[in-house]
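Please read the structure below before turning to the comments.
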Amino acid sequence: NTPGNDLRFQTERLESTRNFTNKIWNASRFTIMNLQDYDNTFIPQNFALADRWIRSRFNRAAQEVTRNMERYDLGEAARVLYEFLWDDLCDWYIELIKPRLYGKESDESRKTAQYVLANTLRQTLELLHPFMPFITEEIWQLLPHQGDTIILTSWFGGDEKEIDGQAERWMGTIMETIRAIRNLRSEMNVAPGKKAEAVLNPQSGEMLEILHAG
């Protein structure tokens, strides 16, 4: 809630938060299932565009959450985490890396996806812990981590070196392209499970490079 305002109790708010909790559980269960052979000693050398994008988005979110926490704007801090976890991490990044996690690319690509997903989810749970202490502790214990409990981890306020404006711009273009294709499929009544040929006409050399990178 915004500071200084009263909040009317509404069942719909509880239902919305329940759905968010289910989203966290489902994303975490998927992550844990795909970390059975996780290698703690592996240090990625080559990050894919989606990896750089999610790390940049996470670090921006961490910076914004920290700023809001420092000025006691708890509602805005919670909103930033909600939108990052639901939209960026769950709806986009996890979907984008599924082929890599399922071994459809190189072993290095799979391990890199595991590394980025595990660390990004863990750090997101650490930022979410003040708002949802029980579910975050439970899941954190099941992820690769250091220390005995989430409550003793250091607060992460974001790393400016991981902010990647180019990755965010390029992924924005790819996401817009995916949305356009989805809209066309819907307009043409193409069944969700049916493959359809799509012809892309990039208007610049950079656009072509972006589409190849995606």
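The values are calculated or read from the model by the stated rules, or taken from the named source; none is laboratory data. Source: prediction; values computed, not measured. Ideal geometry is used to build each Cβ from the backbone, glycine not excepted, and the neighbour counts take in all protein chains shown. Just the protein is used for accessible areas: all its heavy atoms, side chains included, with ligands, DNA and RNA removed. Shrake-Rupley method; radii C 1.70, N 1.55, O 1.52, S 1.80 Å.
Could you list all residues from segment 121-134 that are outside any helix (DSSP H, G or I) and open to solvent by 50 Å² or more (accessible area, probe 1.4 Å)?
Residues satisfying the conditions are PRO130, PHE131.
Does ARG29 count as open to solvent by 20 Å² or more (accessible area, probe 1.4 Å), closer than 22 Å to ILE151 by Cα and modelled with pLDDT under 95?
No, not satisfied.
Can we say ALA196 is assigned to a loop (DSSP other than H, G, I, E, B) and without any contact (Cβ under 8 Å) to a residue 40 or more places away in the chain?
yes
Conditions first: (1) within 19 Å of LEU121 (Cβ to Cβ); (2) assigned to a loop (DSSP other than H, G, I, E, B). ILE24 passes all but one, so which condition is the exception?
Tallying (1) within 19 Å of LEU121 (Cβ to Cβ); (2) assigned to a loop (DSSP other than H, G, I, E, B), ILE24 fails exactly one: (2).
Small (Gly, Ala, Ser), out of contact with any Ser or Thr (no Cβ under 7 Å at 6 or more places or on another chain), open to solvent by less than 40 Å² (accessible area, probe 1.4 Å) and free of Cβ contacts under 8 Å to residues at least 60 places away in the same chain: does that describe GLY165?
no
Please indicate, with yes or no, whether at least one residue in segment 84-105 is open to solvent by 60 Å² or more (accessible area, probe 1.4 Å), of a type in the set (Ser, Thr, Tyr) and assigned to a helix (DSSP H, G or I).
no
Under 8 Å between Cβ atoms, at least 6 apart or on separate chains: pull out the pairs that start in segment 2-13 with a residue that is in contact (Cβ under 8 Å) with a residue 60 or more places away in the chain and end on any residue that is open to solvent by less than 100 Å² (accessible area, probe 1.4 Å).
So the pair list comes out as THR2/ASP73; THR2/GLY75; THR2/GLU76; PRO3/ASP73; PRO3/GLY75.
So which of ALA113, ALA118 ends up being over 29 Å from ASP73 (Cα atoms), assigned to a helix (DSSP H, G or I) and open to solvent by less than 50 Å² (accessible area, probe 1.4 Å)?
After ruling out the rest, the residue left standing is ALA113.
Restricting attention to segment 168-176, does a residue exist that is surrounded by 12 or more Cβ atoms within 10 Å (Cβ to Cβ) and among the acidic types (Asp, Glu)?
Within segment 168-176, one or more residues are surrounded by 12 or more Cβ atoms within 10 Å (Cβ to Cβ) and among the acidic types (Asp, Glu).
Examine segment 42-55 for a residue that is of a type outside the set (S, T, N, Q) and more than 22 Å from GLY165 (Cβ to Cβ), and state whether such a residue exists. Steps first, answer last, please.
Of segment 42-55, the ones of a type outside the set (S, T, N, Q) are 42-44, 47-55.
When the remaining residues are screened for being more than 22 Å from GLY165 (Cβ to Cβ), the result is 42-43.
The answer is yes; a qualifying residue exists.
All but one of (1) within 21 Å of PRO130 (Cα to Cα); (2) in a helix (DSSP H, G or I) hold for GLU12; which doesn't?
Of (1) within 21 Å of PRO130 (Cα to Cα); (2) in a helix (DSSP H, G or I), only one is false for GLU12: (1).
Can you find a residue in segment 144-154 that is assigned to a helix (DSSP H, G or I), buried (at least 16 other Cβ atoms within 10 Å of the Cβ) and not aliphatic (A, V, I, L, M)? Please lay out each step first, then the result.
If we filter segment 144-154 for residues that are assigned to a helix (DSSP H, G or I), which is where we start, we get 150-152.
Applying the additional criterion that residues be buried (at least 16 other Cβ atoms within 10 Å of the Cβ) yields 150.
Filter once more, keeping what is not aliphatic (A, V, I, L, M): none.
No, that holds for no residue.
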